[in-house]
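Undergrad: Take a look at this one; I'll ask things after.
Nothing in this text is a laboratory measurement; each read-out follows from the coordinates by a stated rule. What you see is a predicted model; the values in this text were computed from it and never measured. All Cβ positions, glycine included, derive from the backbone under ideal geometry; neighbour counts span all protein chains shown.
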Amino acid sequence: MRSSAFRSFLALSVARNVRSFAPSSSTVTSVRFLSSSVDTKRFMSSGGEPPQIAQINKHNLHEIIEDVENSSREESGYVIIDVRGYDEVAMTGKIADCVETLPLPDIAQMGALNMDDEDFEEQFGFKKPDMDETIVFTCKAGIRSMHASQYAAMSGYTNLVNYMGGADEWFR
């Protein structure tokens, strides 16, 4: 169950464009250039604007993690994904037990978010995010997680959140 305060924060940030980011057409082009395996047809053929990517801080991520840990991924509607490499996560530890690891190269080069649900779960060891779930991306410093958010947008996901501080801030 998402806290009402945080739901309001997300709604306001998207509505007001406060601390939000929507990839421009040049960003979409550059992301598409990085990985031709990503299926951009769903995103490009929609004819609409790309989804807003809400930017959150450490306090907001604490609230989301607490929400997931106190209920479940299904009940909370959040899936938290760390896009650092497995070796990086091993060095610092996971941000929380409920955070899944899916390295950015797997999203970009393998097109992980476009994989069949069963193949995704077999490959990565957790359930592929549903299109109606809110995906919260994190990394080391907020840069790769922003790229992951853009790839997710191109794969048709619309409820996207980027933790700006990353592991650098989290473990400080």
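Undergrad: Mind listing the long-range amide H neighbours of Asp82? Cut-off is under 5 Å, sequence gap 5 or more, other chains count too, H placed in the peptide plane at 1.01 Å from N.
TA: Residues meeting the amide H criterion: Glu100, Thr101, Leu102, Thr138.
Undergrad: While we're on this one: In nanometres, what is the gap between the two model label sites at Asp116 and Ser71, each 7 Å from Cα along Cα-to-Cβ?
TA: If labels sit at Asp116 and Ser71, their model points lie 3.2 nm apart.
Undergrad: What number does region 50-142 give for Rg over Rh if you use C-alpha atoms and the Kirkwood radius?
TA: 0.94
Undergrad: Using a Förster distance of 30 Å, how high is the FRET efficiency between Phe126 and Glu49, based on the Cβ-Cβ distance and rounded to 0.05?
TA: Calculated transfer efficiency: 0.50.
Undergrad: What does the charge add up to near Thr101, with Lys and Arg as +1, Asp and Glu as -1, over the other residues with Cβ less than 12 Å from its Cβ?
TA: Residues close to Thr101 contribute a combined charge of -4.
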